[in-house]
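**Q** For reference, the structure I am asking about is given below.
Quick note: the coordinates plus some simple rules give every number you see, no bench work behind them. Please read all numbers here as calculations on a predicted model, not as lab measurements. Please note: Cβ atoms are built from the backbone with ideal geometry, for glycine as well, and neighbour counts cover all protein chains shown.
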Amino acid sequence: MLGESSIQPEWLSEEVKTGTTIIAIGYEGGVVLGSDSRVSAGASVVNRVMNKLSPLHDKIYCALSGSAADAQTIAEIVNYQLDVHSIEVGEDPLVRSAATLVKNISYKYKEELSAHLIVAGWDRRAGGQVYVTLDGLLSMQPFAVGGSGSSYIYGFVDAEYRKGMTKKESQEFVVNALTLAMGRDGSSGGVAYLVTIDQEGAVERCIPGNELPTFFDQ
Amino acid sequence: MSRGANAGFDRHITIFSPEGRLYQVEYAFKAIAQSGLTSVGIRGTDCTVIVTQKKVPDKLLDASTITNMFRLTPRIGCVMTGHYADSRSQVHRARIEAAEWKYKFGYEITADMLCRRMADISQVYTQNAEMRPLGCCMILVAIDPQLGPLLYKCDPAGYFCGFRATAVGAKQTEANSYLEKKLKKRPELTFDRTVEMAISCLSSVLSLDFKSSELEVGVVSKENPKFRTLTAEEIEVHLVAIAERE
């Protein structure tokens, strides 16, 4: 009745996507970014430990989602542009500059590319900031979620977010959100990666699956 | 072999003279001395130091906006001697070349490769009739993770080389002799000794007692591989140490 299955496995012809959960939140004095680590091609997991938090500069990171190749390429190009820009200006670039560079590429090639990057970091002028660049728009937000897993946690983040959280509370918030999303989204999973950025710099952390918090399923 | 063969253009554009010289390139070297400044670079055991004069010709100028020391990458710095506008153009090009290398190959360019690239670009100007060579000379410094402290220089002729110590500018001949004499016995070159030797070299050939506001000092060291310029207070400490030794 249904069409017969093709001779080749499906995942060979599927685009490699970072079906993902990514999240970034600003707190007093910095930002915390978090991501899962699953890269899928259709129903097959091709990398279960990919770090989707990519540095654009010392204190500016971006979280990748959508097509893996598109997102990585955008991040590398913006990293190159920020290298030149920051050396010419003689100081650390603004988070807004990084986000604008990402947005310009996303907008110009919006028909060809399929990736969404959340840009977050710390700069001297405005402290910790989080920007979304979906489809080529640029918008600063107190926090942002993205990727396929984000749909499952909109309720959670909307209810649980409070202004003026401390660094530790923000890190817990991110880990909880990631865990909940990874628990329900088939395209998100693996380990959780965290990056905390403040005036001192960026600190990366990896939380393996067995150290993530448990919720109803304990 | 007749002098009429080039119709006298060999002095005006970069083509060979009958004797095999490139006059435009030689004039470019004269332009470096024209600026009136001298710069010195010395490679120590664990550091490399570059020093240049800071002359503020006009009382109305804001001295903090004038500099001849430039950062090319976080770990590579340079001092430019010669025509100021040409210097800035070369620095800009070097920064772009370094960033492009990192983007294309995935790792940071080293000082010797960057110097080679800048020298190759300068060489093109000595063959193009429509573009003149740049009237400036670049001394690069960095700490290479494998090779240790590096000191490289590239000039308008497209020639580049690594040095233990070198000088460029109006008083380069005298400064180079001074450096040769001081380094003959291969002395122990700690960070402080290297900085003080570079400053003393300039003081000696220019017969000037410097104030800390009249000098720019750029350093890279194994403890701090990022290129940085010393503040006026730090320079003062070294000037005092030099005075006390005499």
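**Q** Quick check on A:S106: is it assigned to a strand (DSSP E or B) and either more than 14 Å from chain B (Cβ to nearest Cβ) or under 23 Å from B:P74 (Cβ atoms) (or both)?
**A** Values: assigned to a strand (DSSP E or B): no; either more than 14 Å from chain B (Cβ to nearest Cβ) or under 23 Å from B:P74 (Cβ atoms) (or both): yes.
Answer is no for this residue.
**Q** Only residues that are under 30 Å from A:W122 (Cβ atoms), over 14 Å from the mean Cα position of the chain (by Cα) and of a type in the set (A, V, I, L, M): list them for segment A:38-64, please.
**A** A:V49 - this is the single residue of segment A:38-64 that is under 30 Å from A:W122 (Cβ atoms), over 14 Å from the mean Cα position of the chain (by Cα) and of a type in the set (A, V, I, L, M).
**Q** So if I check each of A:T196, A:T179, which one is over 12 Å from A:S35 (Cβ atoms) and assigned to a helix (DSSP H, G or I)?
**A** Values: A:T196 fails: assigned to a helix (DSSP H, G or I).
Exactly one residue qualifies, and that residue is A:T179.
**Q** Kindly provide the set of residues from segment B:84-140 that are away from chain A (no Cβ under 14 Å), small (G, A, S) and outside any helix (DSSP H, G or I), ordered by number.
**A** B:A129, B:G135
**Q** Additional query: Taking into account only those residues within segment B:66-83 that are away from chain A (no Cβ under 11 Å) and among the polar types (S, T, N, Q), which is surrounded by the most Cβ atoms within 10 Å (Cβ to Cβ)?
**A** B:T81
**Q** Here's another thing I want to ask about it. Name the single residue, out of those in segment A:58-83 being in contact with a strand residue (DSSP E or B) (Cβ under 7 Å, 6 or more places away or on another chain) and within 11 Å of chain B (Cβ to nearest Cβ), that is farthest from A:A98 (Cα to Cα).
**A** Within segment A:58-83, the match that is farthest from A:A98 (Cα to Cα) is A:D58.
**Q** Something else about it: Need the failing condition index for A:Y131 against (1) surrounded by fewer than 15 Cβ atoms within 10 Å (Cβ to Cβ); (2) assigned to a strand (DSSP E or B); (3) not aliphatic (A, V, I, L, M), just the number.
**A** Checking A:Y131 against (1) surrounded by fewer than 15 Cβ atoms within 10 Å (Cβ to Cβ); (2) assigned to a strand (DSSP E or B); (3) not aliphatic (A, V, I, L, M), the one that fails is (1).
**Q** Answer with yes or no whether B:G162 is out of contact with any Pro (no Cβ under 6 Å at 6 or more places or on another chain) and in contact (Cβ under 8 Å) with a residue 40 or more places away in the chain. Even if it seems obvious, please write down each step before you answer.
**A** On the way: out of contact with any Pro (no Cβ under 6 Å at 6 or more places or on another chain): yes; in contact (Cβ under 8 Å) with a residue 40 or more places away in the chain: yes.
For B:G162, the condition - out of contact with any Pro (no Cβ under 6 Å at 6 or more places or on another chain) and in contact (Cβ under 8 Å) with a residue 40 or more places away in the chain - is met.
**Q** With away from every other protein chain (no Cβ under 14 Å), in contact (Cβ under 8 Å) with a residue 12 or more places away in the chain and of a type outside the set (A, V, I, L, M) as the only criterion, which of A:S97, A:S139 stands out? Steps first, please.
**A** Working: A:S139 fails: in contact (Cβ under 8 Å) with a residue 12 or more places away in the chain.
None of the others qualify; the one that does is A:S97.
**Q** Being within 16 Å of A:K59 (Cα to Cα) and among the β-branched types (V, I, T) is the filter here; which residues of segment A:71-88 pass it? Write out each step before concluding.
**A** Going through segment A:71-88, the residues within 16 Å of A:K59 (Cα to Cα) turn out to be A:75-76, A:78-87.
Across segment A:71-88, the qualifying residues are A:V78, A:V84, A:I87.
**Q** Counting only residues that are in contact with a Leu (Cβ under 6 Å, 6 or more places away or on another chain) and buried (at least 20 other Cβ atoms within 10 Å of the Cβ), how many does segment B:41-50 have?
**A** Looking only at segment B:41-50, we keep the residues that are in contact with a Leu (Cβ under 6 Å, 6 or more places away or on another chain), and these are B:41, B:43-45, B:48.
After this cut, where a residue has to be buried (at least 20 other Cβ atoms within 10 Å of the Cβ) as well, the list is B:41, B:43-44, B:48.
Going through segment B:41-50 one residue at a time, the tally reaches 4.
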